[in-house]
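Data first, discussion second: the structure below is written as structure tokens.
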Amino acid sequence: MDMTEKQISSQLIFDGKVVHLYKDDVALPGGVRSVREYIRHVGAVCVLPLTDEGEVVLERQFRYAYGKVLVEIPAGKLDAADEDPREAAARELREETGALARELIPLGDYYGSPALLNERIHMFLARGLTFGERELDEDELLEVFRMPLSDAVNEVLAGRIPDGKTQVAILRVAAMLEKEKKA
């Protein structure tokens with residue numbers, strides 16, 4: 001069954017620093033017309049840093065849209081749409097935690113709100129960590145801390161880590177390590 005919607009026209013409604021809001025007229029399969037409002041985003045990366053001791057390096061950060069501090073893994077937007085996600089992940093990891101990783105393992109992509117946002121978050125696991133100085137952006141205020149991976153899984157399952165990308169990365173890494181143990 002073809003479910004592809006065809007763009008008839010597109011109008012930029014708001015052109016911000018990070019988000020770009022569009023209103024498109026589309027033709028649905030069968031010829032019915034509709035409107036789609038959505039946000040275009042350059043894309044992002046997130047990294048689950050895992051120490052040799054099995055601890056996840058996490059951050060507490062105030063998120064203005066929710067008006068509260070959230071627990072998250074290091075993350076950030078791409079500097080450009082064509083930036084290498086692996087390089088961006090290494091940069092964000094170093095800037096936010098001071099860590100360098102011996103290996104960055106892709107965990108797949110995360111689409112946080114595909115009904116209205118085209119942001120693609122490239123997810124990575126960072127292993128073989130060494131720590132140095134952080135290089136936070138001038139508008140970043142982060143508290144970095146560590147938690148055993150098993151505790152992070154429990155926090156996700158208990159609903160105490162509501163950030164979607166962080167939930168997915170923690171659960172994927174836990175499942176991946178469990179599978180490695182059984183192999």
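Set side by side, the residues Arg63, Arg102 differ, and just one is within 29 Å of Glu138 (Cβ to Cβ), assigned by TED's automatic domain parsing to the domain that holds Glu140 and not aromatic (Phe, Trp, Tyr), which is Arg63.
Among the candidates Glu55, Glu59, the residue that is under 20 Å from Tyr110 (Cβ atoms) and charged (D, E, K, R) is uniquely Glu59. Scanning the range 123-173 for residues that are in contact with a helix residue (DSSP H, G or I) (Cβ under 8 Å, 6 or more places away or on another chain), part of a strand (DSSP E or B) and either within 23 Å of Tyr66 (Cα to Cα) or not assigned by TED's automatic domain parsing to the domain that holds Asp84 (or both) gives Met123, Leu142, Val144. Among residues of the range 11-30 that are over 18 Å from Leu78 (Cβ atoms), those with a beta-carbon under 6 Å from a residue that is part of a strand (DSSP E or B) and of a type in the set (Asp, Glu) at least six positions away or on a different chain give the pairs Lys23/Glu37. Restricting Glu92, Glu135, Glu103, Glu119 to those that are among the acidic types (Asp, Glu), surrounded by 13 or more Cβ atoms within 10 Å (Cβ to Cβ) and farther than 30 Å from Arg36 by Cα reduces the list to Glu92. Among the residues of the range 65-89, those that are of a type in the set (Lys, Arg) and either in contact with a Phe, Trp or Tyr (Cβ under 8 Å, 6 or more places away or on another chain) or buried (at least 19 other Cβ atoms within 10 Å of the Cβ) (or both) comprise Lys68, Arg86.
Among the strands (runs of 3 or more DSSP E) confined to the range 56-119, the ones with at least 3 residues that are touching a residue at least 12 places away in the same chain (Cβ under 8 Å) and not β-branched (Val, Ile, Thr) are located at 75-77, 99-110. Considered as a group, the residues in the range 102-146 that are in contact with a Leu (Cβ under 6 Å, 6 or more places away or on another chain) and among the aliphatic types (A, V, I, L, M) include one that is nearest to Ala80 (Cα to Cα), and that residue is Met123. Select from the range 60-109 the residues that are farther than 16 Å from Val45 by Cβ and among the aliphatic types (A, V, I, L, M) and list them in ascending order. Listed by number, the residues that qualify are Ala65, Val69, Leu70, Val71. In this structure, Glu95 qualifies as within 18 Å of Leu58 (Cα to Cα) and over 15 Å from the mean Cα position of the chain (by Cα).
Rundown of residues vs (1) more than 17 Å from the chain's Cα centre (by Cα); (2) of a type in the set (A, V, I, L, M, F, W, C), yes/no style:
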position: Pro85; (1), (2): no, no
position: Arg91; (1), (2): no, no
position: Ile105; (1), (2): no, yes
position: Tyr110; (1), (2): no, no
position: Ser113; (1), (2): no, no
position: Met123; (1), (2): no, yes
position: Thr130; (1), (2): yes, no
position: Leu141; (1), (2): yes, yes
position: Asn154; (1), (2): yes, no
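Within the range 4-16, can one find any residue that is touching a Pro at 6+ places or on another chain (Cβ under 8 Å), closer than 30 Å to Gly132 by Cα and not in a strand (DSSP E or B)? Looking through the range 4-16, none of the residues is touching a Pro at 6+ places or on another chain (Cβ under 8 Å), closer than 30 Å to Gly132 by Cα and not in a strand (DSSP E or B).
The values are calculated or read from the model by the stated rules, or taken from the named source; none is laboratory data. From a predicted model like this one, the values you see are computed outputs, not experimental measurements. Please note: Cβ atoms are built from the backbone with ideal geometry, for glycine as well, and neighbour counts cover all protein chains shown.
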